[in-house]
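Undergrad: My structure is below; once you've seen it, I'll send some questions.
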Amino acid sequence: MQQSGRRVLFGAALALGLSVGGADAQTVSERNRPDAEVGSRRTANLSGADQLREGTSTLETIGSTRRRVSDLLDHARQDRDIIKVNCLNDKLTQVDVTLRSAREHQELLQNAVSLNNDGQRNHEFQLMNIFRSRSEALETESRQCIGEETGTFDPTHTVITVRIDPNIPVEDPTQLTPASLAPERPLVTSPVM
């Protein structure tokens, strides 16, 4: 009975040691911390006026994305393609939400610049960059709605290279001959038959 108590105590100590060791391994020291704030370092280098100009450019970019998606939707309606219309209508709605949010945060960015609140200013500028990325992604998705490829594939300049392994046998393994169908007779292992 005393030995089973020792086993339980040893098991509990081992589990506690492993959990503490695992938690210690998950902590990251300040000197080897991964740089997760790439965008904020870039925004700290921009002045408030520069961030406002970039924010205005972002609004213009999102607005032009909205116009392009709207044009795609109009063409899909003219073609009476209900699947494309539904898909593009969804993307246009998402672009509208992104544009509305970007406008609100541009105003917040202007307020933060006027109050010299660098933390708020950098935060709002990061959000503006996120809105720009989101609108670009939505435009790509809307092009996929109409079946347009978004990669760099150019069908007019396709080159196909075929390499044939020289070790491939010449005979066709799918063609069976009567000799290949006959089972091999096993070797005689006993002198008596």
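The values are calculated or read from the model by the stated rules, or taken from the named source; none is laboratory data. Keep in mind it's a predicted model, so treat the numbers as computed, not measured. Note that we place each Cβ from the backbone using ideal geometry, even for glycine, and neighbour counts take in every protein chain shown.
Undergrad: Counting only residues that are surrounded by 15 or more Cβ atoms within 10 Å (Cβ to Cβ), under 13 Å from GLY48 (Cβ atoms) and not polar (S, T, N, Q), how many does region 90-118 have?
TA: The total comes to 4.
Undergrad: Among the residues of region 49-80, write down those that are among the hydroxyl-bearing types (Ser, Thr, Tyr), buried (at least 19 other Cβ atoms within 10 Å of the Cβ) and in contact with a Leu (Cβ under 9 Å, 6 or more places away or on another chain).
TA: Matches in region 49-80: THR65 only.
Undergrad: Please verify whether THR58 is in contact with a Phe, Trp or Tyr (Cβ under 7 Å, 6 or more places away or on another chain) and among the β-branched types (Val, Ile, Thr), treating the condition exactly as stated.
TA: For THR58, the condition - in contact with a Phe, Trp or Tyr (Cβ under 7 Å, 6 or more places away or on another chain) and among the β-branched types (Val, Ile, Thr) - is met.
Undergrad: Can you find a residue in region 65-86 that is of a type in the set (A, V, I, L, M, F, W, C), within 24 Å of the chain's Cα centre (by Cα) and modelled with pLDDT of 90 or more? Before the answer, list the steps.
TA: Initial filter on region 65-86 (of a type in the set (A, V, I, L, M, F, W, C)): 69, 72-73, 76, 82-83, 85.
After this cut, where a residue has to be within 24 Å of the chain's Cα centre (by Cα) as well, the list is 69.
The next check asks that each one be modelled with pLDDT of 90 or more; those that pass are 69.
Yes, region 65-86 contains a residue that is of a type in the set (A, V, I, L, M, F, W, C), within 24 Å of the chain's Cα centre (by Cα) and modelled with pLDDT of 90 or more.
Undergrad: I've got another one for you. Taking the residues in region 148-160 that are loosely packed, with under 10 Cβ neighbours inside 10 Å and part of a loop (DSSP other than H, G, I, E, B) as candidates, determine which candidate is modelled with the highest pLDDT.
TA: ILE160
Undergrad: Of a type in the set (Lys, Arg) and in a helix (DSSP H, G or I): is that true of ARG67 in this structure?
TA: Yes.
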